[in-house]
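The next block holds one structure in the form of structure tokens; read it before the comments.
The values are calculated or read from the model by the stated rules, or taken from the named source; none is laboratory data. Predicted, not measured: the structure shown is a model, and the values here were computed from it. With ideal geometry, Cβ positions are generated from the backbone for all residues, glycine too; neighbour counts draw on all protein chains shown. Quick note on the areas: whole protein, heavy atoms, side chains included, nothing else; ligands and nucleic acids left out. Shrake-Rupley method; radii C 1.70, N 1.55, O 1.52, S 1.80 Å.
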Amino acid sequence: MYTPRAFAEERLPVLHEAIQRIAFGALVTAGEGGIEASHLPFVLEPGEGPMGTLYAHVARPNDHITRHGGEVLAMFAGPHAYISPNGYPGKAEHGREVPTWNYIAVHAYGVAETFTDASRLRWLLDRLTERNERESSQPVPWRVEDAPADYLEKMYRAIVGIRIPITRIDGKWKLGQNRTDEDRIGAATLLSQRPGDNEQAIAQAMLSIKP
């Protein structure tokens, strides 16, 4: 990922928090058959290994991971928004401004392992379910044990777990850090007037940068 120094985020806790907040990512491999990607919900265990460990699962017929050895890439795309030049003070003065796109992204690399034993799959499904039921604000959160045991056994046989110890992680917070404070604040203020969740998140992130 091309990351100018101004946009680089290297603090591991910040990168971990972004992965946990985004949660849904693209798992990318490259092999003899070319480049392939699967879009998956992930669980991050931040204390497992020096840089944390990612977990996910795929349907058993999806042989994406089992066909590809070597390093894989998990990409997490956070909020993103179009930045209009109308927010820059210089636009009114000299007009020499152009639009851009601001965003937050994390790329995590590692060698994927697979597992199929029911106890580890149950642990993974419990972690995924607990997090996402909580995030969806269910009055009575659904739990894995709510499903019949024989049905769960069938489901375990239908999936393959994935474990990725992170060996390298890159973060890009493109939030106008290369502009003057006046430009960044002006663009963020204009962006904050738009109603979308992405726009509000990026505007808040831009305004949170200390001058």
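Key figures for this structure:
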{"quantity": "Using alpha-carbon coordinates, inclination of helix 181-191 to the longest axis of the chain, degrees", "calculated": "60 degrees"}
{"quantity": "Solvent-accessible heavy-atom area per residue, rounded to whole Å², over region 11-106 at 1.4 Å", "calculated": "51 Å²"}
{"quantity": "Percent accessible area from carbon and sulfur atoms, region 5-208, protein chains only, probe 1.4 Å", "calculated": "54 percent"}
{"quantity": "Answer label for mean projected area of the Cα convex hull in nm² (calculated), chosen among [x] 12.5; [y] 11.5; [z] 14.6", "calculated": "[z]"}
{"quantity": "Sequence-distant residues sharing a close amide H with Glu48 (under 5 Å, placed H)", "calculated": "Thr53"}
{"quantity": "Cβ-derived FRET efficiency at R0 35 Å, Thr167 paired with Trp101, nearest 0.05", "calculated": "0.75"}
{"quantity": "Tally of Lys pairs whose C-alpha atoms are under 25 Å apart, taken over the chain, 8 or more apart or cross-chain", "calculated": "4"}
{"quantity": "Distant-in-sequence amide H partners of Gly78 (H built 1.01 Å from N, under 5 Å)", "calculated": "Ile104, Ala105, Val106"}
{"quantity": "Max mean-square fluctuation residue, GNM over the chain, Cα-Cα springs under 10 Å, options Pro139, Pro99, Pro89", "calculated": "Pro139"}
{"quantity": "Over the chain: helical MRE at 222 nm, DSSP H runs n ≥ 4 each giving -39500 (n - 2.57), nearest 500", "calculated": "-9000 deg cm²/dmol"}
{"quantity": "Mean-position separation - Cα centroids, region 32-71 and region 100-123, in angstrom", "calculated": "5 Å"}
{"quantity": "From phi via Karplus (6.51, -1.76, 1.60), per-residue ³J(HN,Hα) for region 192-199 in Hz, x at Gly/Pro", "calculated": "5, 7, 8, x, x, 4, 4, 4"}
{"quantity": "Region 107-211 - accessible surface per residue (Å², probe 1.4 Å)", "calculated": "58 Å²"}
